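Some notes on the structure that comes next.
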2 protein chains.
Amino acid sequence: MRYELYYWPGIQGRGEFIRLALEEAGADYVDVARTSGRGRGMDALMRFLEGRGVPRPPFAPPFLKAGRQVIGQTANILLFLGPRLGLVPRAEADRLWAHQLQLTIIDLLDEVHETHHPIASSLYYEDQKPAAKRRAADFIRNRMSNYLAHFEEVLARNRPGRHMVGARLSYVDLSIFQIVEGLRYAFPRVMARRESRYARVIALHDRVAARPRIAAYLASERRIPFNESGIFRHYPELDR
Amino acid sequence: MRYELYYWPGIQGRGEFIRLALEEAGADYVDVARTSGRGRGMDALMRFLEGRGVPRPPFAPPFLKAGRQVIGQTANILLFLGPRLGLVPRAEADRLWAHQLQLTIIDLLDEVHETHHPIASSLYYEDQKPAAKRRAADFIRNRMSNYLAHFEEVLARNRPGRHMVGARLSYVDLSIFQIVEGLRYAFPRVMARRESRYARVIALHDRVAARPRIAAYLASERRIPFNESGIFRHYPELDR
């Protein structure tokens, strides 16, 4: 099965959680909007979003085409891919637990986006800067620690504490890696002060980064660098 | 199976999407924090959130206890309950599609919350009113219509347009009902002007409201009235 991933070509964004899973599994996939040729490129993505021919239209990227099936919503795509890529345990209870954690990771991601766009996605950051400063301060003071403490606790309760779910690597571990990477990019000063509180989370991040396929991916041109069009953005004035 | 729903006792909030599914199915359930007695009430909810004994701790309410399993995240709970309550088709592709729509409904719900709390959940509405006015204006101008137009389109493509998924009632239809109820409560003037654009969505809302078990539930004391502690809040200054 060749998977087709449809996502904005210039950012890691939500698509990155899917890319990491596909890369770790060594899956056959095309990053459609970043590829040229027939049925490829941004046109293909837009045709899909605007097209009338899709019986079950996605609301927004990312979406994944697998044969004739089109699946939207980041966490839903991982729910679908997890068992197919061997990145989640078999039992239903474990899969629901993995999905629950993934949804909480996406909630955190949404809140990161709000730190620079608290008023409107349709406005520039510069047009909502005072509100962004207040929002980011609250995020750093209250929300970020709630989430990271939760993930740390999940690891602590899942002895020996090396994985988020069960005894093997899952897509949730890959997503935790991405969250740490993103928070370090967006809030380097805050993270430098705080990381020691989340030793298990950081250790998991490091183990994921060292996996051969992930390391190769990160060193490749397929990994888009963080930038100020993405969800994790580095604005020094918000990093306090 | 007796289900135990854990959610804040004074609001509809996210818990309402679960309550509607349990009520429509005539399921045996306890709304734990709204019930008194041993193992009931707010104490039981808090013990669960703070307790050390839970191997897979939920991040926040709502969560559902089904036997020994504890399931968190609203859309995940519906993913679990859907097949057990007969509120979703059997095929995996249909279930993923239903879940995708539910996740988009929750995204809309999150954005509704942001209209009155764009700066911080930890602050009062009154302490973030200017930002809330800007956020609500953008929500009404851009976001609300995007979501409602999407749901209208989903109905239009699923001929004969009476259900969000397949040919029978699903939990997604119940959630669409709740979204319309909530938007009417929070933004009555805006909705009065806009509803005619979303004829299929409104018709679906009306059909759900007329279902005997839903009608009985809505008329009962189990249905908590909308209020200004919930997610849908009526602040006239935001309804423009």
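The values are calculated or read from the model by the stated rules, or taken from the named source; none is laboratory data. This is a predicted model, so every value here is computed, not measured. Positions of Cβ are generated from backbone atoms using ideal geometry, with glycine treated the same way; all protein chains shown enter the neighbour counts.
Each row is one residue, and each column tells you yes or no for (1) under 28 Å from B:E126 (Cβ atoms); (2) at pLDDT 95 or above; (3) exposed (fewer than 12 other Cβ atoms within 10 Å of the Cβ); (4) small (G, A, S).
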| site | (1), (2), (3), (4) |
| --- | --- |
| B:A199 | no, yes, no, yes |
| B:A203 | no, yes, no, yes |
| B:V208 | no, yes, no, no |
| B:P212 | no, yes, yes, no |
| B:A216 | no, yes, no, yes |
| B:S220 | no, yes, yes, yes |
| B:N227 | yes, yes, no, no |
| B:D239 | yes, yes, no, no |
Please go through the stretch B:153-192 and pick out each residue that is more than 13 Å from chain A (Cβ to nearest Cβ) and over 19 Å from the mean Cα position of the chain (by Cα). B:P160, B:R162, B:A167, B:R168, B:R189, B:V190, B:A192
Please go through (1) assigned to a helix (DSSP H, G or I); (2) closer than 30 Å to A:R34 by Cβ; (3) not charged (D, E, K, R) for A:S121 and return the number of the only condition it doesn't satisfy. (1)
Could you please give the count of residues in the stretch B:24-35 that are part of a loop (DSSP other than H, G, I, E, B) and closer than 17 Å to B:I11 by Cα? 1
Suppose we filter the stretch B:91-111 for residues that are out of contact with any helix residue (DSSP H, G or I) (no Cβ under 7 Å at 6 or more places or on another chain) and either more than 7 Å from chain A (Cβ to nearest Cβ) or outside any helix (DSSP H, G or I) (or both); how many remain? 5
Among the numbered criteria (1) without any contact (Cβ under 8 Å) to a residue 12 or more places away in the chain; (2) in the same structural domain as A:L218 (by TED's automatic domain parsing), which one does A:D43 miss? (2)
Could we say that B:Y147 is at pLDDT 95 or above, within 10 Å of chain A (Cβ to nearest Cβ) and within 27 Å of B:E228 (Cβ to Cβ) here? yes
Name the residue, out of B:F139, B:F177, B:F151, B:F232, that is in contact with a Ser or Thr (Cβ under 6 Å, 6 or more places away or on another chain) and closer than 19 Å to B:T104 by Cα. B:F139
Residues of the stretch B:118-139 classified as crowded, with 22+ Cβ neighbours inside 10 Å and more than 9 Å from every other protein chain (Cβ to nearest Cβ), total: 2
So which of B:A66, B:A60 is within 14 Å of chain A (Cβ to nearest Cβ), more than 19 Å from the chain's Cα centre (by Cα), under 16 Å from A:H99 (Cβ atoms) and of a type in the set (G, A, S)? B:A66
How many of the residues making up the stretch B:145-161 are in a helix (DSSP H, G or I) and either without any contact (Cβ under 8 Å) to a residue 12 or more places away in the chain or in contact with a Pro (Cβ under 9 Å, 6 or more places away or on another chain) (or both)? 5
When you go through A:A75, A:A44, A:A60, A:A21 one by one, which is the residue that is in a helix (DSSP H, G or I) and either among the hydroxyl-bearing types (S, T, Y) or in contact with a Gly (Cβ under 8 Å, 6 or more places away or on another chain) (or both)? A:A21
In the set A:R47, A:R19, A:R84, A:R95, the lone residue that is among the basic types (K, R) and within 16 Å of the chain's Cα centre (by Cα) is A:R19
Filtering the stretch A:1-40 for residues that are free of Cβ contacts under 8 Å to residues at least 12 places away in the same chain and either closer than 15 Å to A:I71 by Cα or not hydroxyl-bearing (S, T, Y) (or both) leaves a count of 4
Which of the helices (runs of 4 or more DSSP H) found entirely inside the stretch A:162-240 contain at least 3 residues meeting this: free of Cβ contacts under 8 Å to residues at least 24 places away in the same chain and farther than 30 Å from A:R84 by Cβ? A:188-194
If I filter the stretch B:47-56 for residues that are part of a loop (DSSP other than H, G, I, E, B), in contact with a helix residue (DSSP H, G or I) (Cβ under 6 Å, 6 or more places away or on another chain) and either facing chain A (nearest Cβ under 7 Å) or under 17 Å from B:E16 (Cβ atoms) (or both), do I get at least one hit? yes
